[in-house]
């Protein structure tokens, strides 16, 4: 069973790497290093540097999510830790830079959506995407072209004609910079084949939940839930190799969601006093729940 990976997972994940994940050797090593280093307050640039040092070189998505969560000191960075894994898996990308999946466009159509035009053998983009995660520090954008058959194009942040404007700080995940991308005759780096059958919201939820459990393991103030967090993480191994098309894996994901929500409730009052922005940001851990639980209603 350990040797099986769905074709959609393009990380170079060897069987030995999966065994390491099961044994949690790297996770325990990260926990020891994290505790030895002491508690640090990280802004976005600080977390990017930490993530590049501690996470980006790992070859296992499970470990990337969990260890990214261990080094997070707030839920904005828990989101980033999970989101980076989800985008990498969905589009089979390896990168030491942060990625952003840009799909949203102006619903009022005041800003034109992005269109791709092929000229002289190259693709050029024009238009706007209205939500870019970690906009101040993103290195590459995965741009969705919303045509009848969607296309996904990779564009480097420093491409000529690409301008990212930062939005005002909001109430939710306020430390996470968010922005609008404007494309003016921007040359595409490459087109991305999409073979992943997993709905992005489920991939994202799995990764963010795993990062959250890693975050809990790294918090000394919630040691009472460390053992349960480890048990819940251990139960996620098969989920990382599932496409969630069968009832068994859907049921397992629903159970994982229930376990995570219970842990969130257990630590809610404690982390309110110890985690910056917990009161406004804790819905990150519950906002995927309704969609996941609807899987149990499907025939």
With criteria (1) over 19 Å from the mean Cα position of the chain (by Cα); (2) over 29 Å from residue 32 (Cβ atoms); (3) part of a helix (DSSP H, G or I), residue 257 comes up short on (1)
Could you check the stretch 85-98 and list, in sequence order, the residues that are out of contact with any helix residue (DSSP H, G or I) (no Cβ under 7 Å at 6 or more places or on another chain) and under 24 Å from residue 41 (Cα atoms)? 97
If you go through 157, 163, 124, the only one that is modelled with pLDDT of 95 or more, touching a strand residue (DSSP E or B) at 6+ places or on another chain (Cβ under 8 Å) and under 25 Å from residue 89 (Cβ atoms) is 157
Restricting to the stretch 262-299, name every residue that is without any contact (Cβ under 8 Å) to a residue 12 or more places away in the chain and in a helix (DSSP H, G or I). 262, 265, 269, 272, 273, 279, 290, 294, 297
Verdict on residue 221 being in contact (Cβ under 8 Å) with a residue 24 or more places away in the chain, closer than 24 Å to residue 71 by Cβ and out of contact with any strand residue (DSSP E or B) (no Cβ under 6 Å at 6 or more places or on another chain): yes
Those helices (runs of 4 or more DSSP H) completely within the stretch 39-110 that have 3 or more residues that are in contact with a strand residue (DSSP E or B) (Cβ under 8 Å, 6 or more places away or on another chain) and in contact (Cβ under 8 Å) with a residue 40 or more places away in the chain are 75-91
Does residue 210 satisfy being touching a residue at least 40 places away in the same chain (Cβ under 8 Å), out of contact with any strand residue (DSSP E or B) (no Cβ under 8 Å at 6 or more places or on another chain) and either part of a helix (DSSP H, G or I) or not assigned by TED's automatic domain parsing to the domain that holds residue 153 (or both)? yes
Output the number of the condition that residue 268 fails; it satisfies all remaining conditions of (1) exposed (fewer than 14 other Cβ atoms within 10 Å of the Cβ); (2) at pLDDT below 95. (2)
What's the total number of residues in the stretch 183-201 that are at pLDDT 95 or above and crowded, with 19+ Cβ neighbours inside 10 Å? 3
Inside the stretch 139-154, can you point out the residues that are over 15 Å from residue 113 (Cβ atoms) and modelled with pLDDT of 95 or more? 139, 140, 142, 154
Among the residues of the stretch 163-185, is there at least one that is more than 25 Å from residue 74 (Cα to Cα), without any contact (Cβ under 8 Å) to a residue 40 or more places away in the chain and not in a loop (DSSP other than H, G, I, E, B)? yes
Take the conditions outside the structural domain of residue 79 (by TED's automatic domain parsing) and outside any loop (DSSP other than H, G, I, E, B) and apply them to residue 155. Does it pass? yes
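The values are calculated or read from the model by the stated rules, or taken from the named source; none is laboratory data. As the structure is a computational prediction, the values presented were derived from the model and not from experiment. We place every Cβ from the backbone using ideal geometry, glycine too, and count neighbours over all the protein chains shown.
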